[in-house]
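Asker: My questions all concern the structure below.
The values are calculated or read from the model by the stated rules, or taken from the named source; none is laboratory data. These figures come from a predicted structure and were not determined experimentally. All Cβ positions, glycine included, derive from the backbone under ideal geometry; neighbour counts span all protein chains shown.
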Amino acid sequence: MHSVTLRGSGRTIQVGKLLCLGKNYPDHAKEMNEEVPSAPVVFLKPSTALIPDGGEVIVPSLTHELHHEVELVILIGREGRNVPIERAIEYILGYGVGLDMTMRDVQREAKRHGEPWTVSKGFDTSAPVSQFAPREEIPDPHALGISLKVNGAVRQQSNTRNMIYRIDRTIAYLSGIFTLEAGDLIFTGTPEGVGPVVSGDALEAHITSVGTLNVRIG
């Protein structure tokens, strides 16, 4: 799966790069025993990490501690470089529900040695995403309930208003480093409540007005 769909349009969009924010909710930074960042923390996933709604997350043999992280995902609709913050929303095609599956033990070791997070974050099936709601259907992306259930029990529950770096600022910041292209995805960070999952678990991620994403841990 290297493409996503825009709800109600029949459009399939080829995905380019996956740009992801870390520690973009203050309570998540606290639960990870880390300081709230003074600038966006950015990492990337390859498009091969994508799986669709109803898919299966395959647990790599490298990990004994796979964690869930529910996120609002932005679908970029046009090319942009050095996008002004006041025009950033114009570059959004839609919003989706995503999961940033993380090999926490592998990430912890990488942090300890000052190494990149790529292996812990970018493995195959680490980026489940839902269909995308058109931008016009989401008048305020900073007022959306965001939650995750594991086997029917609520694990994460917050609101996108709690983001440290709002979407317009995030797009302006990222476009000053990477040229944004149609089909790029931006994972905007996860709220507090992250935790482990194991084989057989059923995950249900939901964002108000955007949609629901269901995956199973293989």
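Asker: Under 6 Å by Cβ, and 6 or more places apart or on different chains, what pairs join a residue from the range 66-85 that is at pLDDT 95 or above with one that is of a type in the set (D, E, K, R) and in a loop (DSSP other than H, G, I, E, B)?
Answerer: Going by the 6 Å Cβ cut-off, the qualifying pairs are Glu69/Asp100; Glu71/Asp100; Ile76/Asp184; Glu79/Glu181.
Asker: Look through Gly145, Gly193 and report the one residue that is at pLDDT 95 or above, out of contact with any Pro (no Cβ under 9 Å at 6 or more places or on another chain) and surrounded by fewer than 19 Cβ atoms within 10 Å (Cβ to Cβ). Show your work before the answer.
Answerer: Values: Gly193 fails: surrounded by fewer than 19 Cβ atoms within 10 Å (Cβ to Cβ).
Step by step, each of Gly145, Gly193 is checked, and only Gly145 is at pLDDT 95 or above, out of contact with any Pro (no Cβ under 9 Å at 6 or more places or on another chain) and surrounded by fewer than 19 Cβ atoms within 10 Å (Cβ to Cβ).
Asker: Mind listing whichever residues of the range 66-94 are over 21 Å from Gly211 (Cβ atoms) and part of a loop (DSSP other than H, G, I, E, B)?
Answerer: Within the range 66-94, Arg78, Glu79, Arg81, Asn82, Val83, Pro84 qualify.
Asker: Would you mind stating whether Leu62 is farther than 19 Å from Asp168 by Cβ, touching a strand residue (DSSP E or B) at 6+ places or on another chain (Cβ under 7 Å) and part of a loop (DSSP other than H, G, I, E, B)?
Answerer: Yes, satisfied.
Asker: Applying the selection to the range 185-205, what residues are of a type in the set (A, V, I, L, M) and within 15 Å of Thr102 (Cβ to Cβ)?
Answerer: Across the range 185-205, the qualifying residues are Val194, Val197, Val198, Leu203, Ala205.
Asker: Among the numbered conditions (1) under 14 Å from the mean Cα position of the chain (by Cα); (2) in a loop (DSSP other than H, G, I, E, B), tell me where Thr212 comes up short.
Answerer: Of everything listed in (1) under 14 Å from the mean Cα position of the chain (by Cα); (2) in a loop (DSSP other than H, G, I, E, B), Thr212 misses just condition (2).
Asker: Considering only residues that are surrounded by fewer than 15 Cβ atoms within 10 Å (Cβ to Cβ), polar (S, T, N, Q) and part of a loop (DSSP other than H, G, I, E, B), which ones fall in the range 1-35?
Answerer: Result: Ser9, Asn33.
Asker: So Arg112 fits all but one of (1) without any contact (Cβ under 8 Å) to a residue 12 or more places away in the chain; (2) closer than 16 Å to Gly211 by Cα; what number is the exception?
Answerer: Against the list (1) without any contact (Cβ under 8 Å) to a residue 12 or more places away in the chain; (2) closer than 16 Å to Gly211 by Cα, Arg112 comes up short only on (2).
Asker: Give the range 190-218 a look and list any residue that's within 23 Å of Asp105 (Cα to Cα) and in contact with a Phe, Trp or Tyr (Cβ under 6 Å, 6 or more places away or on another chain), or say none.
Answerer: Once the filter is applied, which keeps residues that are within 23 Å of Asp105 (Cα to Cα) and in contact with a Phe, Trp or Tyr (Cβ under 6 Å, 6 or more places away or on another chain), the range 190-218 yields only Pro191.
Asker: So Tyr173 fits all but one of (1) in contact with a strand residue (DSSP E or B) (Cβ under 8 Å, 6 or more places away or on another chain); (2) touching a residue at least 60 places away in the same chain (Cβ under 8 Å); what number is the exception?
Answerer: Of (1) in contact with a strand residue (DSSP E or B) (Cβ under 8 Å, 6 or more places away or on another chain); (2) touching a residue at least 60 places away in the same chain (Cβ under 8 Å), only one is false for Tyr173: (1).
Asker: A further question follows. So the check is Cβ under 8 Å with 6+ separation or different chains; which pairs have a first residue in the range 154-167 that's in contact (Cβ under 8 Å) with a residue 12 or more places away in the chain and within 14 Å of Tyr95 (Cβ to Cβ) and a second one that's among the β-branched types (Val, Ile, Thr) and part of a helix (DSSP H, G or I)?
Answerer: Cβ pairs passing all conditions: Ile167/Ile89.
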